[in-house]
Amino acid sequence: MPVQIIQGTNDKPMASETLARFFGERDGWNGVLYLGYPIIGTSDGRFAIDAIWLSPDKGLIVFDMVEGLDSEGFEDRQDESANFLEAKLRTHRELIQRRDLLVPISTLSYGSAFTQNLDGEYGYQLVCEDGLADALNDIAEWDGQQEQIFDKALSAIQSISNIRKSRTRRSITRPDSRGAKLKSLEGSIATLDSRQSKAVIETVYGVQRIRGLAGSGKTIVLALKAAYLHSQHPDWQIAVTFNTRSLKGQFKRLINTFCIEQAGEEPDWDKIKVLNAWGAPGDESRNGVYYEFCVENGLKYYDFGSAKDRFGKGEEFLSVCRSALAETGNSKHKYDVILVDEAQDFPPDFLKLCYEFLSKEKRLVYAYDELQSLAGEALPAPEKIFGVDEEGKPLVSFGLENDSRGDILLSKCYRNSRPVLATAHAFGFGIYREPTNNNEIGLVQMFDHASLWEDVGYVVSDGQLAEGEEVTLTRTKETSPLFLEKHSSLDDLVQFHSFSDKDSQMRWVLENIKKNLNEDELRAEDIVVINTNPFTTRENVGSIRNALFAEGINSHLAGVDTDPDVFFKSGTGDESVTFTGIFRAKGNEAGMVYIINAEDCHSDQFNLETLRNRLFTAITRSKAWVRVLGVGSGMDQLVKEFEALKANNFELKFTYPTEGQRGKLRVVHRDMSKTSMMKVSNSEQSLGTILAQLENGELNLEDLNPDIVAKLKRTLEGNL
């Protein structure tokens, strides 16, 4: 396996380029080469190491890079780099045996402009490009695979071992309890994979897109990337934004932890800001990207109420972003980097607004998973989001050979086990859903390109991934690590239960949460109860919360009983089970997830893909166990789908739809023009309003033009 090359930023571009090329052309070597990483906190402030190579055969080699021909002081720089790095690694107990560091550290100075090696005092060496291979071969061999020291060293260098730990300490008395299993899981997810490392450290001068399925670490990657850029470029103005308000605290915690562990100091919150997307006047906590854009450019600012009055109901944020872009000519550039999480939930105009708010390098990073879109709309291609220049050339385009770092796809899932993720995809796409009439297929939505299934970590185990052909897709141990599912039986990982009434559902949830807390050694913050319909959450969770309170168990409704930025409550005397609607659940995770009233996701309404995406998103909040609960015949049908999935060993078996069939489905990753998307969105909104008025009696069918009703009926029948 070749050396993984992770290219960050440093002030040695030429030497970095030749070193990356050197390792890229070598066969037979492995490990990870980091350029411009790590950054180490010292008593004198940040210390940036030019490059390191962590090899399971050679140990840790530290490179002092010499740009040009000035070699003065290279011996001292080697000592400083090695001493600081050793001090950092010695803080990790798993890398120490008695007083010895288990990872050998070697140093080299490398000068790409030199034509021959240069010997310094006491055996120090500066090598040229031609002499680099021999110098590295001369380093003594080391068995880094013994006791997995290589992986532990990699985790220590990545500085994420503490980031993934629980918010509070666990008290474990039984090694087989759920609490013990969850603690082990959290400890096992301690190393970023190569794609995540690239996404964190590699810096693109322009727009970078990070696509990843649920649980692939997009939020952690964005937080670490923001912290890395802040540590490497402390003078840059950096903004991090998102759709789910409860992510604000998580982003601040991750960035703060990484900066302290990596650079030895807290971030400068005047330089790196965690902002809401919309924002409003007031204190710092209310600040937002759109609000700042209006202030900086002297534009009229709309809050939600005034936006609804001015532009109408349903697309308030899209309208205010579009209005701001239309009203500003040469916009003022406030930020050097903007990082956007949950981009699938934003209108494309918001990404364009972020783009316009950036300095000339246009360092915009946006991450998304379209199956977690709760609006039912696909994110357009970058060419359509950002537009073209004066010559008609796209301002942003991915897929070119010289822009391979601009588009990163995260296919490995570190949150959900294979059965949990396959369940989420099966229901999100409607893989085992039965058609409700003769002219319909069971599928709800589908990728527009069959190869995208393989991109997100599935392989074809039977059949072929082609139009009209039967295919069976399965996840591998590489994309869904086995340790995520080996801790419990398949029947325990995912369960679906149908109840005859809401009271029976309530009693079942009550008894199981009591068992989780009293017998399973789970903490209150390990448990999340999600109501799938965001408009009924408050009324639907009341009875369960009252029953828990009667048993002495505290709970809270996220964003209602708490600050909008708070999702979990933990700490001495403040432990509380989290109840939430689906929108606030986004971006959060828990060991045990209860999804209640899931029958709402079986409806055959026109927005079925949106309802299924809610179920997909809810299921993928689980780090270990998930219970999907509901009432009545709709839930019975979901249970039937789940039993079909189990019978197929959590593989996805279906007939890949033809182009004509895909035309009747929501197509994931489909490119649509803004105009087309607006037409579809406006049409759906209008139809939805008419249907709601007919159902609640505000409007009678007789009030409508009979010719239009008849024509609509004929058109719908012809397309079903």
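The values are calculated or read from the model by the stated rules, or taken from the named source; none is laboratory data. Just so we're clear, the structure is a prediction, and the values are computed from it rather than from any experiment. FYI the Cβ positions are ideal-geometry reconstructions off the backbone, even for glycines, and counts take in every protein chain you see. Surface accessibility is based on the protein's heavy atoms, side chains included, excluding ligands, DNA and RNA. Shrake-Rupley method; radii C 1.70, N 1.55, O 1.52, S 1.80 Å.
Peptides 170-177, 639-646, 579-586, 329-336 ranked from most to least packed give 579-586, 639-646, 329-336, 170-177, packing being the mean of other C-beta atoms within 10 angstrom over each peptide's residues. If you sort 566, 340, 631 by accessible surface, 1.4 Å probe, largest first, the order is 566, 631, 340. The label-point distance for residue 90 and residue 478, in a model that sets each label 7 Å from Cα toward Cβ, rounds to 4.0 nm. Dividing the helix sum by the residues of the chain, where each DSSP H run of 4 or more adds -39500 (n - 2.57), gives a mean residue ellipticity at 222 nm of -11000 deg cm²/dmol. Taking label positions 7 Å along the Cα-Cβ direction at both residue 76 and residue 265, the computed distance is 2.1 nm, reported to one decimal.
Length, then width, then depth: along the principal axes, the Cα atoms of region 201-289 run 35, 32, 25 Å. On a per residue basis, region 589-632 carries 18 Å² of accessible surface, using protein heavy atoms and a 1.4 Å probe. Projecting label points 7 angstrom from Cα along Cα→Cβ for residue 535 and residue 235 puts them 5.3 nm apart.
Against the chain, whose longest principal axis is taken from its Cα atoms, helix 502-518 shows a tilt of about 20°. Between amide H atoms placed 1.01 Å from N, distances below 5 Å from residue 5 occur with 33, all of them 5 or more places distant or on a separate chain.
Counting pairwise Cα distances across the chain, what percent come out greater than 34 angstrom? The calculated P(r) of the chain puts 52 percent of pairs beyond 34 Å. Solvent-accessible surface of region 10-104, taken per residue with a 1.4 Å probe and all protein chains present: 47 Å². Once fully extended, how much extra length lies between residue 361 and residue 500, figured as 0.36 nm per residue of separation less the alpha-carbon to alpha-carbon distance? Gain on extension, residue 361 to residue 500, equals 44.1 nm. Normalising the average separation of contacting C-alpha pairs (under 8 angstrom, six or more residues apart) by the number of residues puts the relative contact order of the chain at 12 percent.
Given q = 0.09, 0.10, 0.16 Å⁻¹, what are the Debye log10 I(q)/I(0) values for region 206-359, with equal point scatterers placed on the Cα positions and solvent ignored? Result of the Debye calculation: -0.29, -0.35, -0.89.
Residues of region 437-471 with an amide N closer than 13 Å to a point placed 7 Å from the Cα of residue 649 along the Cα-to-Cβ direction: 461-462. What share of Cα pairs, in percent, lie more than 17 angstrom apart in region 576-643? Here the tail beyond 17 Å accounts for 41 percent of pairs. Of the residues 109, 500, 43, the one with the largest accessible area comes first in the ranking 43, 500, 109, computed with a 1.4 Å probe on protein heavy atoms. Structure note, pairs 502/586; 183/502; 308/352; 486/569: Cα-Cα distances above 23 angstrom occur for 502/586; 183/502; 486/569. Of 225/248; 334/393; 334/360; 384/412, which pairs sit farther than 19 Å apart, going by alpha carbon to alpha carbon? Cα-Cα > 19 Å for 334/393; 384/412; rest within. Charges were assigned to the Cβ only: +1 to each Lys and Arg, -1 to each Asp and Glu. The resulting dipole of the chain about its Cα centre is roughly 2060 debye. When peptides 200-208, 464-472 are sorted by average Cβ neighbour count within 10 Å, with the highest value leading, the order is 200-208, 464-472.
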